[in-house]
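Only one structure is covered here, and it is reproduced in the block below.
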């Protein structure tokens, strides 16, 4: 199976058992504390997320797979280069994983092919494939199948591949021998916790999504809380800071597929350029991209915040263009956009962060 998986672009596969009962108390406590924010789907299915055989009756084992996503040609010093973008407040930062094709589409299609290849070999087979698309404890299954260990930022880490990879699963109605899990290798390191701009990693292995920039710019539908807006800096879609700070990511591997190559406009563009996209242009440029799911309104909301932060951080020479871009959207039909534009313009008038 490893050869088939490799041919499809997966870097590793493993097999997890279906008994995840020991993970249920931690998941229940996370929900009880409200750390999932407005991601109602996290609670909607109860404990099915931790019970594969309830989600897909007949499931006897779970094949896990991971796929590296650093764009081909990424240089060895990519972490430093990405962090340097934060020193250029007028530049828009899109999370590395979202710069290419939507991973849901890529992984789902290739997991389906892998499952069909297995069925060709073993005979009639019941299966379902998932990738961040159903009530599945993906990181837990990955860790239990030897893909790596859970880092203090809650992501899966591998000694030979860091954390820059996507996860996917195939629920199978055949019992395969489980892979051996690996030990944790974070030790006393807390670089990810220290690096989080908003303090969202409230304790090792405990993330309050309500403070996470990835949640705020992607999952959160309403106004971004004013006290957190300055902390977004120029990040307009997602955040990689905990991964950029992680020493293990010096071993992160580049993708083998062209799907994750960078799309034009998503690296090195200015906030002013991206804020100028009409809805039609946004839809055209993000077709087949994970960014499209947030819609044009949230796209403008996020960039407005970043423009306000840039106004506060930039010199007199850059401010007119930033202010002009915001003023052009001051009368936008969306109250959500107007609110964030007004806040951003206030930053240029010497307004202190709320």
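The values are calculated or read from the model by the stated rules, or taken from the named source; none is laboratory data. What you see is a predicted model, and the numbers here were worked out from it, not measured in a lab. A quick note on method: Cβ atoms are made from the backbone with ideal geometry, for glycine too, and the neighbour counts reach across all protein chains shown.
Per-residue answers, yes or no, for (1) under 18 Å from the mean Cα position of the chain (by Cα); (2) surrounded by 17 or more Cβ atoms within 10 Å (Cβ to Cβ); (3) closer than 22 Å to residue 103 by Cα:
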| residue | (1), (2), (3) |
| --- | --- |
| 145 | no, yes, yes |
| 155 | yes, yes, yes |
| 177 | no, no, no |
| 181 | no, no, no |
| 189 | no, no, no |
| 192 | yes, yes, no |
| 200 | yes, yes, no |
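Scan region 206-222 residue by residue and report those that are surrounded by 14 or more Cβ atoms within 10 Å (Cβ to Cβ) and assigned to a loop (DSSP other than H, G, I, E, B).
208, 212, 220
When you check residue 64 against the structure, is it touching a helix residue (DSSP H, G or I) at 6+ places or on another chain (Cβ under 6 Å), within 15 Å of residue 137 (Cβ to Cβ), assigned to a loop (DSSP other than H, G, I, E, B) and modelled with pLDDT of 90 or more, yes or no?
So residue 64 fails the test.
Quick one: how many residues across region 166-183 are out of contact with any helix residue (DSSP H, G or I) (no Cβ under 9 Å at 6 or more places or on another chain) and either free of Cβ contacts under 8 Å to residues at least 60 places away in the same chain or not in a loop (DSSP other than H, G, I, E, B) (or both)?
Count: 2.
How many residues does region 105-129 contain that are under 16 Å from the mean Cα position of the chain (by Cα) and either at pLDDT 95 or above or part of a loop (DSSP other than H, G, I, E, B) (or both)?
Of the residues in region 105-129, 2 are under 16 Å from the mean Cα position of the chain (by Cα) and either at pLDDT 95 or above or part of a loop (DSSP other than H, G, I, E, B) (or both).
Regarding residue 69, is this residue in contact with a strand residue (DSSP E or B) (Cβ under 8 Å, 6 or more places away or on another chain), under 19 Å from residue 249 (Cα atoms) and crowded, with 18+ Cβ neighbours inside 10 Å?
yes
What is the one condition in (1) surrounded by fewer than 21 Cβ atoms within 10 Å (Cβ to Cβ); (2) free of Cβ contacts under 8 Å to residues at least 60 places away in the same chain that residue 135 does not satisfy?
Here residue 135 clears every test but (2).
Residues to consider are 232, 257; find the one that is touching a helix residue (DSSP H, G or I) at 6+ places or on another chain (Cβ under 9 Å), within 24 Å of residue 10 (Cα to Cα) and in contact (Cβ under 8 Å) with a residue 12 or more places away in the chain.
The match here is 257.
Scan region 21-31 and give yes if some residue there is part of a loop (DSSP other than H, G, I, E, B) and either out of contact with any strand residue (DSSP E or B) (no Cβ under 8 Å at 6 or more places or on another chain) or touching a residue at least 60 places away in the same chain (Cβ under 8 Å) (or both), otherwise no.
no
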